[in-house]
Amino acid sequence: MLRKFRPFLPIFPLKSIQASIAVAFSCLILLTIAATTFFSYRLSAGAVRHNSENYIEEVIKQVNTNIQSYVDNMENISLLALTNKDVKYYISSNSFITDEERRPYEKRISDLFQSILYTRKDIASIMVFGYNGRYVSDRRITTLNPNAPPREQSWYIGARQAGGKSVISAPHVQNIIKDEYRWVVSLSRELKNTDGITADGIFLVDLNLSAVSDLLRQIDIGKKGYVFIVDREGDIVYHPQQQLIYSSLRTERIADVLRAPSGTSFAVDDEDGKRFYSVQDTNFGWKIVGVAYAGDLIGYKETLRNSLLISLIGIAVALLLSVALSHRLSRPIRNLQRNMRLVEKGNFEVKAPVQQMDEIGQLSRTFNMMVGQIKNLMSEAISTQENKRKSELALLQSQINPHFLYNTLDSIVWMAEQKQHEEVVLMTSALARLFRASIAKDQELVPIRVELEHIRSYMLIQKMRYASQLEYRIEFEEGILKYKTLKILLQPFVENAIYHGIRNLPEKGTIVVSGREQDDAIIFEVEDDGVGMTAETIEKIWNPAPVEAGFAKGIGVGNAHERIRLFFGPAYGISIRSEPYEGTRVTIKIPKVENLRCAIINTPGR
Amino acid sequence: MRNHKYAWALTLLLAAAALCAGLYIKLYYSAEGGDRSVSVVLKSSSVRSNFWQAVSAGASAAAKEAGATIDIQGPLEETDADTQVRLLQDALAARPSSVVVAPVDDPRVSEAVQAIRRAGIRVVVIDMPLQSGTAPVSVLNDHREAGRQAGETAAELTDGRPNVAIVSDFERSRVSGEREAGVREAVKAYPGGATEIYYCEDSEDKAYEIMKAVLAMPEPPSVVVALNETAALGAARAIGEAGDQRIKLIGFDSSVYEIRLLEDGVMSALIVQKPFNMGYLGVKAALKRAEPRGASRVSYTDSIVVTKSNMYAPENQKLLFPFDGDGS
């Protein structure tokens with residue numbers, strides 16, 4: 001599994017569940033926050049845009065109102081002049097009025113204009129030009145620029161053409177007064193005669209351009225924002241960088257502005273940056289346009305900064321939370337892991353606490369059960385090993401039973417003294433064979449042939465010792481000789497039969513040792529017609545009383561039985577049938593085993 | 001194991017922080033010009049000098065457009081090299097991102113500019129090139145081209161037979177020298193074109209005397225080109241007194257007096273520079289990170305020919321009558 005996942009995360013192989021959980025949570029949370037931030041950004045950007053548009057619109061509306069009020073003011077002054085009787089008389093083409101008579105009018109008009117000029121700092125000059133060639137201004141002495149006759153000026157011509165309506169000029173240099181070149185915005189208007197039809201002259205009022213430019217300069221629409229004015233035809237009336245536009249170093253979105261209705265705004269995003277154009281129409285034909293740069297607007301930045309800050313905090317909290325959560329989730333696992341490590345070290349007394357009934361709780365419980373089972377198996381294995389060692393030790397002792405050896409040698413000596421040479425040879429060679437059979441290497445299993453040889457030699461020796469008391473028969477089927485059996489399996493039983501069954505018998509006893517096949521098993525039988533045993537005695541044999549030092553030299557039946565079962569499994573073993581004064585029959589059942597390998601495979605205690 | 005998981009949390013946290021920081025930077029500094037600053041040292045900061053006030057307005061306009069901060073300084077007198085050197089040293093001490101300078105014709109000024117360049121500050125020279133040393137990026141007034149325009153205008157006024165008297169100030173003046181060369185170049189191209197040079201040493205009276213002498217010649221020249229204002233005013237006085245309408249006068253730059261002469265018809269044409277554009281382009285070049293490969297390091301602002309008939313055209317009014325509300 002791990003191998004499969006490697007290629008995906010080759011740099012950070014996740015080594016702990018907690019890390020995996022933390023990463024999974026973090027990814028999930030980051031993704032969610034990223035998505036929310038993105039959408040809220042979009043939303044707030046939209047809201048901010050809307051707000052800033054409203055703000056600019058409001059500002060431009062203010063500008064519009066102010067400029068409008070300047071123009072209205074000029075308009076009012078023009079109305080004043082229009083309705084002024086003195087002005088009418090003064091410029092009337094009536095030839096009956098002499099110059100002398102006109103003089104006081106001129107003074108009165110000039111005084112009037114002067115008083116207006118005193119109250120209005122934004123007005124540069126007020127003048128009236130009669131078609132009769134007279135003119136009067138707000139000054140006592142007015143010297144006109146000889147090179148700039150009024151009737152050639154565009155405001156003059158415009159007013160004549162407009163026929164009584166007021167005309168607003170673009171900002172221009174007013175040069176009609178000698179040695180004065182002032183930037184003004186002119187309002188000019190044709191003055192009608194008393195009859196209201198014929199015209200008598202042109203009225204001119206000039207507004208200082210600085211009044212307008214100061215107003216526009218004071219507007220705060222960001223560091224780079226500015227205001228400009230275009231007229232109906234799209235010609236620029238005022239622009240802070242008018243010279244650059246004339247020199248084609250700069251372009252302005254005139255076409256877009258002309259298309260935009262009053263009170264609306266539009267956004268432009270080009271190489272100069274993202275900005276909003278807000279357009280307002282004045283009622284005298286100018287369009288006032290405010291331009292604000294998106295990056296400049298304070299609200300815009302503030303909102304975005306806040307939303308970013310919030311998402312940053314959110315991410316930090318989320319990450320901490322995911323670490324904490326993963327820590328909490330993986331704690332039981334880590335506890336279990338700690339316990340497992342203890343078990344690894346060999347401590348089987350560990351018991352994992354089962355805190356909750358979820359998967360991990362179940363895992364803990366199973367773990368506990370497993371540890372218990374292992375513990376049992378371990379103790380079982382230990383006792384088994386112990387038993388085996390004990391029986392092996394006993395077996396070893398039985399092989400070289402010093403008593404038996406001493407007796408046998410004693411018999412040989414005795415026979416030698418009797419000069420029974422043949423018997424000596426027979427017995428000695430039997431003893432030799434016996435030992436050869438019993439010391440057959442370290443192998444636990446020997447062919448039945450060897451076992452047969454061993455028993456034969458043993459019986460021969462015993463027969464020669466107890467010739468008067470012992471009769472024996474050995475009946476092994478030829479077919480079983482190739483199978484294997486535990487080493488020295490039969491000798492203890494034969495020994496028992498001789499020492500406990502036959503020896504105490506007044507007459508001769510017979511021992512029959514037989515081996516035969518029965519289905520998949522091999523059955524050995526050691527039968528005697530000796531004294532036999534009671535059921536209690538048999539019981540005693542199976543469960544011998546704790547160590548009686550002298551007596552326990554031989555191999556207990558129980559041990560032998562255990563040895564077989566350990567080696568071949570519980571299906572095999574020993575059974576004893578005995579009747580007092582009738583005899584005893586010990587039946588030994590082992591499986592057919594042809595070679596060692598098989599035996600080992602079958603070994604585990606099933 | 002413990003370290004491992006914290007490393008993970010830390011990595012993620014750092015990644016998130018980096019992301020946010022990146023967004024911050026993008027939000028704050030892409031729209032603005034960063035903290036770029038320009039120091040502008042002009043030849044003159046006198047409020048009475050329309051030309052330099054227009055340069056200053058143009059420079060401010062460019063700085064505002066780029067969102068950079070700008071500091072404009074200059075001596076009161078156009079020839080005050082000592083003050084300009086001091087101002088340049090101040091600019092160097094303030095360590096702005098770039099410096100725009102309209103150098104006074106003096107080797108010490110060149111040296112001060114080179115010192116600023118050596119400090120790794122971007123320098124743009126406007127108006128006139130440095131007297132010595134290698135030229136950094138420059139936005140210059142093309143005085144030779146202006147002279148050529150004067151010469152062409154002279155030819156137009158005389159139906160292609162210009163006989164021109166040039167009234168200059170000093171022989172060593174570089175501006176006048178360039179203008180003179182331009183006039184000669186243009187006039188030479190016409191058959192019968194002739195030029196004669198006179199120096200008035202920046203004195204109106206001397207120009208008047210010279211002009212009187214010239215007009216008294218048996219065959220007076222048909223066009224007088226006065227290379228600066230004093231020369232133009234002196235010459236105009238002489239021509240006005242003579243009342244000879246055949247003699248055409250062509251002047252340079254614009255002042256109220258020259259404009260009046262133009263209105264009066266004594267002055268036939270004025271060659272007017274575009275100082276606002278020069279200031280604007282100078283600062284704009286200064287705010288650029290570097291020149292595009294292959295781009296010229298020197299650019300010129302043009303001049304226009306203003307006559308009585310076009311002097312009140314909207315685009316010319318702005319040049320002839322500087323308005324202090326400009327560029328704000």
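The values are calculated or read from the model by the stated rules, or taken from the named source; none is laboratory data. The model shown is predicted, which means the values in this text are computed figures rather than measured ones. Positions of Cβ are backbone-derived with ideal geometry, glycine not excepted, and every protein chain shown enters the neighbour counts.
Restricting to the range A:501-511, name every residue that is more than 14 Å from A:E582 (Cβ to Cβ) and touching a residue at least 40 places away in the same chain (Cβ under 8 Å).
A:K508, A:I511
In the range B:225-260, which residue that is in contact with a Phe, Trp or Tyr (Cβ under 9 Å, 6 or more places away or on another chain) and among the β-branched types (V, I, T) is surrounded by the most Cβ atoms within 10 Å (Cβ to Cβ)?
This residue is B:V225.
Return yes or no: is B:V137 in contact with a His (Cβ under 7 Å, 6 or more places away or on another chain), surrounded by fewer than 24 Cβ atoms within 10 Å (Cβ to Cβ) and within 22 Å of B:A81 (Cα to Cα)?
no
Any idea which of A:I56, A:I67 is under 60 Å from the mean Cα position of the chain (by Cα) and within 21 Å of A:N283 (Cα to Cα)?
On the way: A:I67 fails: under 60 Å from the mean Cα position of the chain (by Cα).
Just one listed residue meets the conditions, A:I56.
Would you check which residues across the range A:319-339 are closer than 16 Å to A:D358 by Cα and either at pLDDT below 80 or away from chain B (no Cβ under 11 Å) (or both) and list them?
A:R328, A:L329, A:R331, A:P332, A:I333, A:N335, A:L336
Just need a number here: residues in the range A:258-295 that are surrounded by fewer than 17 Cβ atoms within 10 Å (Cβ to Cβ), within 50 Å of the chain's Cα centre (by Cα) and more than 13 Å from chain B (Cβ to nearest Cβ).
Total satisfying the criteria: 5.
Among (1) free of Cβ contacts under 8 Å to residues at least 60 places away in the same chain; (2) part of a helix (DSSP H, G or I), where does B:A154 come up short?
Exception for B:A154: condition (1).
So if I check each of A:I574, A:I522, A:I498, A:I590, which one is at pLDDT 85 or above and in contact with a His (Cβ under 8 Å, 6 or more places away or on another chain)? Spell out how you get there, then give the answer.
Details: A:I522 fails: in contact with a His (Cβ under 8 Å, 6 or more places away or on another chain); A:I498 fails: in contact with a His (Cβ under 8 Å, 6 or more places away or on another chain); A:I590 fails: in contact with a His (Cβ under 8 Å, 6 or more places away or on another chain).
When all the criteria are applied, what remains is A:I574.
Taking the range A:133-167 on its own, how many of its residues are more than 21 Å from A:Y105 (Cα to Cα) and touching a helix residue (DSSP H, G or I) at 6+ places or on another chain (Cβ under 6 Å)?
Of the residues in the range A:133-167, the ones more than 21 Å from A:Y105 (Cα to Cα) are A:145-167.
When the remaining residues are screened for being touching a helix residue (DSSP H, G or I) at 6+ places or on another chain (Cβ under 6 Å), the result is A:147, A:150, A:156, A:166-167.
Counting residues in the range A:133-167 that are more than 21 Å from A:Y105 (Cα to Cα) and touching a helix residue (DSSP H, G or I) at 6+ places or on another chain (Cβ under 6 Å) gives 5.
The rows are residues; the columns are (1) under 60 Å from the mean Cα position of the chain (by Cα); (2) surrounded by 13 or more Cβ atoms within 10 Å (Cβ to Cβ); (3) more than 26 Å from A:K508 (Cα to Cα).
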{"position": "A:E422", "(1), (2), (3)": "no, no, no"}
{"position": "A:M427", "(1), (2), (3)": "no, yes, no"}
{"position": "A:R449", "(1), (2), (3)": "no, yes, yes"}
{"position": "A:L452", "(1), (2), (3)": "no, yes, no"}
{"position": "A:I455", "(1), (2), (3)": "no, yes, no"}
{"position": "A:M459", "(1), (2), (3)": "no, yes, no"}
{"position": "A:S468", "(1), (2), (3)": "no, no, no"}
{"position": "A:I474", "(1), (2), (3)": "no, yes, no"}
{"position": "A:E478", "(1), (2), (3)": "no, no, yes"}
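Residue by residue, here is whether (1) within 30 Å of A:M459 (Cβ to Cβ); (2) out of contact with any helix residue (DSSP H, G or I) (no Cβ under 6 Å at 6 or more places or on another chain); (3) at pLDDT 85 or above; (4) among the basic types (K, R) holds:
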residue	(1), (2), (3), (4)
A:M357	no, yes, no, no
A:E392	yes, yes, no, no
A:Q399	yes, no, no, no
A:F404	yes, yes, no, no
A:H421	yes, yes, yes, no
A:M427	yes, no, yes, no
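Residue check, A:V71 against (1) in a helix (DSSP H, G or I); (2) at pLDDT below 80, all met but one. Which one?
So A:V71 meets the others, but not (2).
Restricting the search to the range A:148-192, which residues are acidic (D, E) and surrounded by fewer than 21 Cβ atoms within 10 Å (Cβ to Cβ)? Spell out how you get there, then give the answer.
Taking the range A:148-192 as the starting set, the residues that turn out to be acidic (D, E) are A:152, A:179-180, A:190.
Result: A:E152, A:D179, A:E180.
Within the range A:94-115, identify whether any single residue is among the hydrophobic types (A, V, I, L, M, F, W, C), in contact (Cβ under 8 Å) with a residue 12 or more places away in the chain and within 30 Å of A:Q280 (Cβ to Cβ), and answer yes or no. Walk me through it before giving the result.
Narrowing the range A:94-115 to residues among the hydrophobic types (A, V, I, L, M, F, W, C): A:96-97, A:109, A:112-113.
Filter once more, keeping what is in contact (Cβ under 8 Å) with a residue 12 or more places away in the chain: A:109, A:112-113.
If we keep only those that are within 30 Å of A:Q280 (Cβ to Cβ) too, we end up with none.
Within the range A:94-115, not a single residue is among the hydrophobic types (A, V, I, L, M, F, W, C), in contact (Cβ under 8 Å) with a residue 12 or more places away in the chain and within 30 Å of A:Q280 (Cβ to Cβ).
Filter the range B:115-134 down to residues that are within 19 Å of the chain's Cα centre (by Cα) and either β-branched (V, I, T) or crowded, with 24+ Cβ neighbours inside 10 Å (or both), then give me how many there are.
Within the range B:115-134, residues that are within 19 Å of the chain's Cα centre (by Cα) and either β-branched (V, I, T) or crowded, with 24+ Cβ neighbours inside 10 Å (or both) number 5.
Looking only at the range B:52-81, how many residues end up being touching a Pro at 6+ places or on another chain (Cβ under 8 Å) and assigned to a strand (DSSP E or B)?
Here the count works out to 1.
Would you check which residues across the range B:165-177 are closer than 16 Å to B:G251 by Cβ and assigned to a helix (DSSP H, G or I) and list them?
B:V175, B:S176
Of all residues in the range A:480-493 being in a loop (DSSP other than H, G, I, E, B) and touching a helix residue (DSSP H, G or I) at 6+ places or on another chain (Cβ under 6 Å), which is surrounded by the most Cβ atoms within 10 Å (Cβ to Cβ)? Walk me through it before giving the result.
Initially, the range A:480-493 is screened for residues in a loop (DSSP other than H, G, I, E, B), giving A:483, A:487-490.
Now drop any that are not touching a helix residue (DSSP H, G or I) at 6+ places or on another chain (Cβ under 6 Å), which leaves A:483, A:488, A:490.
Values: A:Y483: 20, A:I488: 23, A:L490: 25.
Ranking the candidates gives A:L490 first.
May I ask you to verify whether B:A112 is small (G, A, S), crowded, with 22+ Cβ neighbours inside 10 Å and under 30 Å from B:F170 (Cα atoms)?
Working: small (G, A, S): yes; crowded, with 22+ Cβ neighbours inside 10 Å: yes; under 30 Å from B:F170 (Cα atoms): yes.
Here the answer is yes, as B:A112 does meet what is asked.
Need at least 3 residues that are within 10 Å of another protein chain (Cβ to nearest Cβ) per element, so show me which helices (runs of 4 or more DSSP H) inside the range A:151-257 make the cut, counting only ones lying wholly within it.
Values: elements: A:154-162, A:209-218, A:242-246.
Here the list reads A:209-218, A:242-246.
Residues B:S97, B:S49: which one is of a type outside the set (D, E, K, R) and within 21 Å of B:A285 (Cβ to Cβ)?
Values: B:S49 fails: within 21 Å of B:A285 (Cβ to Cβ).
Unique residue meeting the criteria: B:S97.
Consider B:L76 carefully, then state whether it is at pLDDT 80 or above and surrounded by fewer than 16 Cβ atoms within 10 Å (Cβ to Cβ). It would help to see each step written out before you state the result.
Values: at pLDDT 80 or above: yes; surrounded by fewer than 16 Cβ atoms within 10 Å (Cβ to Cβ): yes.
Spelling it out, B:L76 is indeed at pLDDT 80 or above and surrounded by fewer than 16 Cβ atoms within 10 Å (Cβ to Cβ).
Identify the residue in the range A:156-181 that is in contact (Cβ under 8 Å) with a residue 12 or more places away in the chain and of a type in the set (A, V, I, L, M) and, among all such residues, is farthest from A:L207 (Cα to Cα).
A:A162
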